[in-house]
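Worksheet: the structure to be examined is printed underneath.
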Amino acid sequence: MKWVLTSLMVIVILAVGLSLWARLAPSDPDHWHVMPNKPRDINQEGAALRVVVAQEDTLARLHDIILDEPRTIMLAGSVEDGMITYITRSALFGFPDYTTVWQNGSELAVYGRLRIGYSDLGVNAARIDRWLALLGQGGG
């Protein structure tokens, strides 16, 4: 019985430690505030990228939609710069996902990826598709 309690305590300590690390680890804008050279639609383990047609105000409208997302903050960039990177954290452990949005003329690229682990179970793709649907740009 003692080993069960000890094992349970070790698991709890590790989970709390991982959660603290995920929430407190610094996010380097030089590393995360980037976009692939030739953006194109992709679905990968832990990442998704969508490219849609944009109007002049598309980035500003999407920026407002993204800031309404729970547990989401800006990391770098601005609407005026034409590129913004956001951090969205998971509810339980606070794992960060990074989403970079870039508007280049009539093209808008939205690139979401995880920081911790290998698979996001499609969370980034679903989030991007939901945002684009709210924007009126398809998705889902």
Return the only residue of R89, R113, R71 being in contact with a Ser or Thr (Cβ under 9 Å, 6 or more places away or on another chain), surrounded by fewer than 20 Cβ atoms within 10 Å (Cβ to Cβ) and on the phi > 0 side of the Ramachandran plot. R71
Quick check on the stretch 5-17. Is at least one of its residues surrounded by fewer than 12 Cβ atoms within 10 Å (Cβ to Cβ), among the hydroxyl-bearing types (S, T, Y) and over 14 Å from V110 (Cβ atoms)? yes
Could you say whether any residue in the stretch 31-42 is surrounded by 14 or more Cβ atoms within 10 Å (Cβ to Cβ) and modelled with pLDDT under 90? yes
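Could you list all residues from the stretch 77-86 that are crowded, with 17+ Cβ neighbours inside 10 Å and either over 13 Å from the mean Cα position of the chain (by Cα) or more than 18 Å from H31 (Cα to Cα) (or both)?
Narrowing the stretch 77-86 to residues crowded, with 17+ Cβ neighbours inside 10 Å: 77, 83-86.
Within the stretch 77-86, G77, M83 meet the criteria.
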Of the residues in the stretch 122-140, those that are surrounded by fewer than 19 Cβ atoms within 10 Å (Cβ to Cβ) and modelled with pLDDT under 90 number 4
Residue check for A109: modelled with pLDDT of 95 or more, touching a helix residue (DSSP H, G or I) at 6+ places or on another chain (Cβ under 6 Å) and of a type in the set (G, A, S): no
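The values are calculated or read from the model by the stated rules, or taken from the named source; none is laboratory data. Note that the structure is predicted; figures quoted are calculated from it, not measured. Please note: Cβ atoms are built from the backbone with ideal geometry, for glycine as well, and neighbour counts cover all protein chains shown.
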